[in-house]
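A.B. asks: This is the structure I want to talk about, given as C-alpha cells.
Derivation of every value follows stated rules applied to the coordinates shown; laboratory data play no part. If you're wondering where the values come from, they're calculated on a predicted model, not measured in any experiment.
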Ligand SMILES: *Cc1c(COP(=O)(O)O)cnc(C)c1O
C-alpha cells in the first residue's frame, strides 16, 4: 500500500507566497472587459485580439494562460522569448508570438525564425534586414510599423509625417507584409489622442491592424479601433522593473 498522503497543513505558506496570480480568472475578467468595450463601440469581441504580454514571466505562467485558452502572446526581447517559446510552440502549435519590443538588426534572423508578428518595425535599415531574411528563409511574419505618435526624441518609431514614405519603402519597394500600425503613447499624456491619430494614419494608408492599448488603457484603445491590445500586468501580475525599459 502506498503511504498515506500527509494532511495538508492549512497554515503552511506556499513557496511562492501569495504572489501567484489566478491567471485563468484574470483572463476571464479581461475577456469580458474586452467584449464590453467592443460592444459599447459597436464592435464585436472577435474584432479584438488579446496579446498576452509575458515578458519577465516564467514559462509556467504562460502555460497556465495556454491551458485557460489564451493563444496569442507578446514578448519584448528576442533572447528572452527564445528561452521560453520554442518548447511552448511545440506543445501548442497554434500559439502565435508577437515581438513588441525594439529589434536590433543583428537579431533579425532569430526574430524572423521565432515570431509570427513583428510589431516594432521602425527604421529603413531594419526593413532591409527583414526583407533579406524573409527572402532567404521564406518565413514571412506579419509586420506592424511602430509610430512615434508623441514625437518623443528618445522613443522608437516612425514620425507620423514620415509614415507614408516609410510605408512606400517597406511595403511597396521591399515587399514586406506590412499589415498595421502600433504605438506606445507618452506616459504623461492621455492616450486617446494618440490612439485616434494612429487610427487615422492607418485608414489613410489602407492598413487594417491597430495595436494600441495596454493594461491601463486597453478599453480606450478598443473604443478608438484597436484590433490588438497588449496586456501584461492585468493578466500576469505586476513585473519587477526590467533593465533598459
Ligand atoms: C510591457 C509592454 C506592454 C504591457 O504592459 P502592461 O502595462 O503590463 O499591460 C505592452 N506593450 C509594450 C510595448 C510593452 O513593452
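A.B. asks: Can you give me the pair-distance distribution of the chain, C-alpha pairs, 10 Å bins, whole percents?
C.D. replies: Result returned by the calculation: 7, 30, 34, 19, 5, 3, 1, 0.
A.B. asks: Work out, step by step, the length gained on full extension between residue 216 and residue 179: first 0.36 nm times the residue separation, then minus their alpha carbon distance; give nm to one decimal.
C.D. replies: Working: separation 37, 0.36 × 37 = 13.32 nm, distance 2.50 nm.
Taking residue 216 through residue 179 to full extension adds about 10.8 nm, to one decimal.
A.B. asks: With springs connecting C-alpha atoms under 10 Å apart, model the chain as a Gaussian network and identify which of 39, 145, 62 has the largest mean-square fluctuation.
C.D. replies: 39
A.B. asks: What is the Cα convex hull volume of segment 141-240 when expressed per residue in Å³? Before the final figure, lay out each step's value.
C.D. replies: Working: hull volume 11.6 nm³, N = 100.
Spread over its residues, the Cα hull of segment 141-240 gives 116 Å³ apiece.
A.B. asks: With a cut-off of 8 Å between alpha carbons and a minimum separation of six or more residues, what is the relative contact order of segment 43-104 in percent? Walk me through the numbers before you get to the answer.
C.D. replies: On the way: 64 pairs, mean separation 22.3, N = 62.
Relative contact order comes out at 36 percent.
A.B. asks: Okay, moving on. As a test of the formula, what do you get for the chain when each DSSP H run with n ≥ 4 contributes -39,500 (n - 2.57) and the sum is divided by the residue count, at 222 nm and rounded to the nearest 500 deg cm²/dmol? Provide the component values of the computation, followed by the final result.
C.D. replies: Working: 9 runs with 91 residues, N = 245.
Result for the chain: -11000 deg cm²/dmol, rounded to the nearest 500.
A.B. asks: Please list, short to long, the whole-number percent of alpha-carbon pairs of segment 30-78 in consecutive 5 angstrom bins beginning at zero.
C.D. replies: 5, 19, 24, 19, 16, 11, 5, 1
A.B. asks: Another question, then. Using square roots of five times the C-alpha gyration tensor eigenvalues, list the equivalent-ellipsoid semi-axes of segment 83-205 in whole Å, biggest first.
C.D. replies: Values: eigenvalues 127, 62, 32 Å².
Each semi-axis is the square root of five times an eigenvalue, giving 25, 18, 13 Å.
A.B. asks: Once you have the Cα-Cα distance between residue 35 and residue 125, take 0.36 nm times their residue separation minus that, and quote the gain in nm to one decimal. Kindly include the intermediate steps, with their values, before the conclusion.
C.D. replies: Values: separation 90, 0.36 × 90 = 32.40 nm, distance 3.86 nm.
Taking 0.36 nm per residue and subtracting the Cα distance, the gain is 28.5 nm.
A.B. asks: Checking a compactness column here: for segment 19-101, what do you get for Rg(Cα) / (2.2 N^0.38 Å), N being the number of residues? Don't skip to the answer; put the middle values down first.
C.D. replies: Values: Rg = 13.5 Å, N = 83, 2.2 N^0.38 = 11.8 Å.
So segment 19-101 has a normalised radius of gyration of 1.14.
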